[in-house]
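Nothing in this text is a laboratory measurement; each read-out follows from the coordinates by a stated rule. Quick caveat, the model's predicted, so the values are computed rather than measured. Ideal geometry is used to build each Cβ from the backbone, glycine not excepted, and the neighbour counts take in all protein chains shown.
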Amino acid sequence: MNLSNFIDSLIQNVEKDKVLHCCHANDLNSNNLYKVIILSNFLEYIPVFEMEAIWGGIKKNLCPGGLIIIKTVLYDNPNELEEDEIDSVGIRCNKQTGGTMLRDCLRHDLIMASSEEGCFALVRQEDLSLFSNEQKERFVIHHKRLLNQYGLDIKEKYVEEEYRRLVPGAGRLMIGCVAENNKKYQTQALRLVQSIRWFGGSMAGANIFVCMVEEADPEYVKELEKWGVFVRIVSRFSISHPPSNKLRLFELPEVSSYDTIMLLDCDTIIVQDPSPFIDGDHFQAEIAAGLTVPNAIFHKLFAHYRLPLPKQNYLTAITKQRTIWYCNAGVLVFPRALIQSFFPIWRKYTQDLSQKKYLLGKQYFFCEQASLTIAFADHPLPFARLPLQMNFHLTLNMSNEMKRCDPVIIHYHKMNDATGYLKYISKNSYSNKRIHLFNERLKGYLSSVIADEGVV
C-alpha cells in the first residue's frame, strides 16, 4: 500500500474530530488530542524562527500512537526562490529539502515512517511500541534507509556534526542589514533586498531581516514586507559611531534558528549567486581594501588592550599593502555556532573602543572594523578569506585583478543616485554588465509601480 492510500484508509477509520487539518498556527493552540495531524502546504509559510513553537504545538496535540502527515514540495536548497513568489503568492520562507525534513525529525525524536513524492508520515519514536510489529518494522526500515543516504544510522542522540551532514554548506541562511530610518538608508536597504530576490540565485529565497534603528516608517515597512522581509526595530548601538549599529543584527533571538548568518552593509547589492562561495564552516570575510586603519594605530590598540600584535601576513584587497588580519565589515558570513561564541567579544571591544575616540583619531569611522580585528585576535575563529568578487568595491582606482573580476556582491559606497541606480564608473566590463542588469531590472520595477499607481 502506498502512502496516499495508507493515509486515506487511516482517515476513513478515524473519527472526524480526531483528525486535524492544520491551516494556521492557531489551529495548534487547541487542548484537544488528535490521532492524525495533517499539515498541507503549511510549513512553507511559517518563518524558520517560528518552527520550534509549531513542533511543540504538534506534539502537544498528537495522541499517543498518532500520525503527523506533512505535504510539502522538496527543493534542492532551502534558500531557493521561485519566480512567481515575487509577483503573486508571496515569499515561501521555509522551504524544505530532504535533509531539513530529516533533521527536524531527529531533533524532535520523530521517525520518518513513510514518504513518497511531496508527502511524509512521521511518528514519535516513543510511540513505536503502540503500532503493530509489521507497521513498526516497516517504519523503522524506511527511516533507516533515509538516514543511510546521509551516512547516518538510528540512535538516541545526534551531535551537531551529524546534523551538518543532513544540511551541508550554508544550510538555512539568514541575511541581514541594519538601516537608519531616513530616505538614504531606506532606499539602500530596499535595493539590497530587491537585488537578493532578483539575482541571488539559489539563495534568493533566504530569510532577510532588516533592522531599523529606533523606528521605522509604517509605509516603508509594508514595502519591505512585500519582498518577504522581517523588519525589526533595534536600539542605537552607538550615538558617536553609527556604523556600529550593524552589530544589533546578531542580538536578534532569531539568529539561533539559522545555520549561517550573513551581515551586509546597506550600500551593497547582490548581482550573482553567492552560494558557491559560502562554506558554512568558517567565518568568512574579505581583507579591507586598504590600510584604513594603519599598522601604527593597530600597534597602539593592541598595546592598549594588552594583546600580542599579530604578524602582517595579509595584503589589503585593493592597495596590496601588508597588514595584520583586518577585514572589511561590509560583507561578513558566520556559521551560527561561531557567531554565538564570538559576538559577545566583538560587542565588548566595540562598545569600549567607540567610547575611546582618541585611540583611533582620524580613523574613528572604522571603529567596528578595528574592534573586529581585536576581537578576532582575542578569540580566533576558523577563517576563510572571501574572494574579491564577494566584496567588490565600486571605485575609480582598480588593480589589474579587479579589472578581471566578475562581481557577486558589489559594495558601491556612494556611487549611486537618490533613486538607487548605480553609477557606471567602473573600468571593469563585468561589473558594468552587472550594474546594467540591476539598473534595468530596477527601471522595469519602478515603471510597473508607476503604471499600477496610475491604474489605481
| Per-residue ³J(HN,Hα) for the range 49-66, Karplus 6.51 cos²θ - 1.76 cosθ + 1.60, θ = phi - 60°, Hz, x for Gly and Pro | 6, 9, 5, 4, 5, 5, 4, x, x, 4, 5, 5, 8, 8, 5, x, x, x
| Dipole size in debye (nearest 20) for the chain around its Cα centre, Lys and Arg Cβ +1, Asp and Glu Cβ -1? | 1940 debye
| request: Arrange the following residues from fewest to most other Cβ atoms within 10 Å of their Cβ: Tyr305, Tyr258. | output: Tyr305, Tyr258
| message | Take Arg322 and Asp109, extend 7 Å from each Cα along the Cα→Cβ direction, and tell me the distance between the two endpoints in nm. | response | 5.9 nm
| query | Which residue, chosen from Tyr34, Ser426, Phe298, occupies the Cα position most advanced towards the positive end of the dipole of the chain, where the dipole is computed from +1 (Lys, Arg) and -1 (Asp, Glu) charges on Cβ about the Cα centre? | reply | Phe298
| note | Expressed to one decimal in nm², the mean projection of the alpha carbon convex hull of the chain is 25.0 nm²
| Over the range 3-166, volume per residue of the alpha carbon convex hull, in Å³ | 124 Å³
| query | In straight Cα distance, which lysines are under 27 Å from Lys157, not counting same-chain residues fewer than 8 positions off? | reply | Lys35, Lys59, Lys60, Lys71, Lys95, Lys136, Lys144
| note | Loop-resident trypsin sites (Lys or Arg not before Pro) in the range 298-350 with no more than 12 other Cβ atoms inside 10 Å, DSSP not H/G/I/E/B, are Arg306, Lys311, Lys320
| Which one of Ala121, Ile86, Ala206 has its Cα pushed farthest toward the positive end of the charge dipole of the chain, where Lys and Arg give +1 and Asp and Glu give -1 at the Cβ? | Ala206
| field | Dipole of the chain [Lys/Arg +1, Asp/Glu -1 at C-beta], most positive-end residue of Gln272, Ile409, Phe49 | value | Ile409
| query | At what distance in nm do the modelled label points of Asp452 and Glu116 sit from each other, each positioned 7 Å from its Cα along Cα→Cβ? | reply | 4.0 nm
| query | Remind me, relative contact order of the range 3-166 in percent, using alpha carbon pairs under 8 angstrom and six or more residues apart? | reply | 19 percent
| request: Could you list the trypsin sites (Lys or Arg not before Pro) in the range 409-456 that lie in coil according to DSSP, counting only those with at most 13 other Cβ atoms within 10 Å of their Cβ? | output: Lys414, Lys423, Lys427
| query | So what's the back-of-envelope 222 nm ellipticity for the chain, counting only DSSP H runs of four-plus at -39500 (n - 2.57) apiece and dividing by all residues, rounded to 500? | reply | -10500 deg cm²/dmol
| Percent relative contact order of the range 150-226, based on C-alpha pairs within less than 8 angstrom and at least six residues apart? | 34 percent
| said: What is the angle, in °, between the Cα long axis of helix 295-304 and the longest principal axis of the Cα atoms in the chain? Nearest 10 is fine, range 0 to 90. | reply: 70 degrees
| request: Could you work out the local net charge near Leu386, counting Lys and Arg as +1, Asp and Glu as -1, over the other residues with Cβ closer than 12 Å to its Cβ? | output: -1
| query | Which FRET efficiency value, to the nearest 0.05, is calculated for Asn295 and Leu396 with the Förster distance at 30 angstrom and r the Cβ-Cβ distance? | reply | 0.75
| DSSP loop GluC sites (Glu not before Pro) with at most 10 other Cβ within 10 Å excluded, longest remaining stretch of the chain | 216-456
| said: For a quick check: sort Ser40, Ser257 by the number of other beta carbons within 10 angstrom, fewest at the front. | reply: Ser40, Ser257
| When His299, His379 are ordered from fewest to most other Cβ atoms inside 10 Å of their Cβ, what list results? | His299, His379
| message | If you take every residue apart from Ala329 with its C-beta less than 15 Å away from the C-beta of Ala329, what net charge results, scoring Lys and Arg +1 and Asp and Glu -1? | response | 0
| request: Note down the magnitude of the dipole of the range 3-166 about its Cα centre, charges +1 on Lys and Arg C-beta and -1 on Asp and Glu C-beta and zero elsewhere, to the nearest 20 debye. | output: 700 debye
| By how many degrees, between 0 and 90 and to the nearest 10, does the Cα long axis of helix 429-455 differ from the longest principal axis of the chain? | 60 degrees
